[in-house]
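Presented below is the structure to which this report refers.
The values are calculated or read from the model by the stated rules, or taken from the named source; none is laboratory data. These figures come from a predicted structure and were not determined experimentally. Here the Cβ is made from the backbone with ideal geometry for all residues, glycine too, and neighbour counts use every protein chain on show. Heads up: the accessible areas ignore ligands, DNA and RNA and are worked out on the full protein's heavy atoms, side chains in. Shrake-Rupley method; radii C 1.70, N 1.55, O 1.52, S 1.80 Å.
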Amino acid sequence: MCFDFVRRHHSVIRYRQGRLYPLGDFRSVCTWSSFDNNPRWKYQVLVSVNPVAINCPIRGMFFFEQSGQTRLTVRDGVTKFPFDPLLECTKRNQQLSICPDSPDTIKIDMNKCDTLDYRARNVNYKYEILDYKWRCIAWWSEDTNGQLYTYDPEDGFSKYRCWVYQRDEYGQISLSRSHKDSCGLWQTPHDDVTPENLNLKLVLKNAERQYDNCPLQFHDGGNPWSEDVFLTVLDSGAARVRGDIVWFILFLAAVITAWNGIRD
């Protein structure tokens with residue numbers, strides 16, 4: 001039997017398994033015809049017991065619509081402060097955010113206060129509680145769609161969830177979640193109910209405003225071994241420059257200064 005392993009990335013190992021052969025010749029056992037010839041085949045996935053969170057392939061602030069058998073609900077809890085009847089919230093939405101302050105975590109607030117003050121900034125509504133927090137632990141591209149694994153220790157059914165995601169247009173992203181810890185063979189980003197036990201579909205729509213500092217960014221998962229997923233992140237109107245570029249500029253300035261000193 002031959003096993004074909006993909007070079008490890010993140011907290012997963014992807015592989016496929018060939019058929020049994022009575023002979024031990026490597027060229028015969030590991031030939032392409034010894035593996036599954038199904039045109040819809042996918043690599044099987046092994047997930048680490050102790051996964052390490054990584055930067056998510058999607059970033060931004062979104063309002064979303066959901067459909068499926070197991071929809072996200074509001075998780076009521078105790079607030080940090082006593083309720084103030086004078087503090088009003090006139091507009092609420094379902095919000096999903098992955099921002100630069102925690103790029104490895106998907107945060108969902110099912111009852112987000114979306115009221116703005118006279119400066120077009122969010123009001124300081126202190127009674128909000130995050131309903132879901134999912135950690136991104138792996139992502140890659142397969143069959144032209146992105147695959148994403150998330151980890152939630154508070155999930156009573158499965159701590160690991162597999163998502164298939166795709167960018168529909170510039171400000172819209174579709175995701176479908178499997179009911180178990182592995183994606184289905186026929187799963188697409190636009191499914192919510194299939195024979196493979198899909199139970200949730202999310203359609204994200206960009207909702208970043210002027211002072212949110214949470215820009216929309218998207219990675220299709222084509223190169224999961226890349227270290228710099230996003231090169232530029234906006235932060236209050238300024239851009240963060242990669243450290244190697246800064247060191248190169250400083251080195252070049254030192255060389256020019258030294259050269260001028262030698263000439264003088």
Selection from the range 97-116 of residues acidic (D, E) and closer than 16 Å to E208 by Cβ yields D101, D109, D114
Which of the residues that make up the range 84-96 are more than 17 Å from D212 (Cβ to Cβ) and modelled with pLDDT of 80 or more? T90
What is the one condition in (1) of a type outside the set (D, E, K, R); (2) at pLDDT 80 or above; (3) open to solvent by 60 Å² or more (accessible area, probe 1.4 Å); (4) over 21 Å from W163 (Cα atoms) that A254 does not satisfy? (3)
Residue satisfying all of: in the range 138-158; over 12 Å from the mean Cα position of the chain (by Cα) and under 14 Å from V12 (Cβ atoms); surrounded by the fewest Cβ atoms within 10 Å (Cβ to Cβ) among these: E142
Filter the range 186-243 down to the residues that are modelled with pLDDT of 60 or more, assigned to a strand (DSSP E or B) and either under 23 Å from C113 (Cβ atoms) or acidic (D, E) (or both) and list them by number. L202, V203, L204, K205, N206
